[in-house]
């Protein structure tokens, strides 16, 4: 693990890549604040999320690959970068929730308790299980390599924080809005398919992983969407964060 917290040059390079796009996206969001229907604001936030996520790839903040038909994932070993991203995504999510009452009203959190945690973690294990089982036929060095044990607590925080933001966006805002004009099950299905669709460029142009990444994100999206339907965003966020951590930790 690279434990240096001084990662300013890498973060400044990243900021220089995403800032022009984020300024445009911020302007779009501001101009749509008067819209009664929040769907356009939600889609603007989706564009912003895709930009923030996909720009991590060329700078090596995360790496993707596929061992045959099985995708693998590893994050940077800079603990400082993971901490900054984790804290920043939580802060941005909290800011959007505070500033936009219409979006905030769409989020059904569910009850936080032992049952919710168990269902969320179980959903994450279920989402990751096919990839982890199939990957056992490939040596660890060919699917990203080992991860330093000292990095795992920071990696877990990053996965939970970053995917909380993603679940608020897709299962809180988007699925909540879709439920207003569709049945709950149809809204969950749409949420999952749109979630996978938002990984098309990551799978096909940003990286070369291709369809295995889309299959995984659709499966994961379905699990998270139906957890949100029955138990709320908290369960969905725990499932998403758990799944990504299991894929990225190199322990299996």
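List of remarks:
Every residue, every condition in (1) surrounded by fewer than 22 Cβ atoms within 10 Å (Cβ to Cβ); (2) touching a strand residue (DSSP E or B) at 6+ places or on another chain (Cβ under 6 Å); (3) part of a loop (DSSP other than H, G, I, E, B), yes or no:
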| residue | (1), (2), (3) |
| --- | --- |
| 122 | yes, no, no |
| 152 | yes, no, no |
| 156 | yes, no, no |
| 159 | no, no, no |
| 168 | no, no, no |
| 182 | yes, no, yes |
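- Taken together, the criteria exclude residue 130 from residues that are surrounded by 15 or more Cβ atoms within 10 Å (Cβ to Cβ), in contact (Cβ under 8 Å) with a residue 12 or more places away in the chain and over 30 Å from residue 34 (Cα atoms).
- If only residues of the stretch 7-58 that are touching a strand residue (DSSP E or B) at 6+ places or on another chain (Cβ under 8 Å) and crowded, with 17+ Cβ neighbours inside 10 Å are counted, the one that is modelled with the highest pLDDT is 56.
The rows are residues; the columns are (1) touching a helix residue (DSSP H, G or I) at 6+ places or on another chain (Cβ under 6 Å); (2) within 30 Å of residue 138 (Cβ to Cβ).
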{"position": "7", "(1), (2)": "yes, no"}
{"position": "13", "(1), (2)": "no, no"}
{"position": "42", "(1), (2)": "yes, no"}
{"position": "46", "(1), (2)": "no, no"}
{"position": "69", "(1), (2)": "yes, yes"}
{"position": "72", "(1), (2)": "yes, yes"}
{"position": "79", "(1), (2)": "yes, yes"}
{"position": "102", "(1), (2)": "no, no"}
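- Filter pass, residue 227 being crowded, with 19+ Cβ neighbours inside 10 Å, in contact with a helix residue (DSSP H, G or I) (Cβ under 7 Å, 6 or more places away or on another chain), modelled with pLDDT of 95 or more and within 28 Å of residue 66 (Cβ to Cβ): yes
- Whenever a residue of the stretch 163-184 is free of Cβ contacts under 8 Å to residues at least 24 places away in the same chain, its partners that are surrounded by fewer than 24 Cβ atoms within 10 Å (Cβ to Cβ) and part of a helix (DSSP H, G or I), lying with C-beta atoms within less than 7 angstrom and at least six residues away or across chains, give the pairs 178/187; 178/190; 179/187; 182/190.
- Hey, residue 89 surrounded by fewer than 18 Cβ atoms within 10 Å (Cβ to Cβ) and either out of contact with any strand residue (DSSP E or B) (no Cβ under 6 Å at 6 or more places or on another chain) or free of Cβ contacts under 8 Å to residues at least 12 places away in the same chain (or both) or not: no
- Any hit, the stretch 54-62, residues being assigned to a helix (DSSP H, G or I) and on the phi < 0 side of the Ramachandran plot: yes
The values are calculated or read from the model by the stated rules, or taken from the named source; none is laboratory data. Quantities reported herein were computed from a predicted structural model and do not represent experimental measurements. A quick note on method: Cβ atoms are made from the backbone with ideal geometry, for glycine too, and the neighbour counts reach across all protein chains shown.
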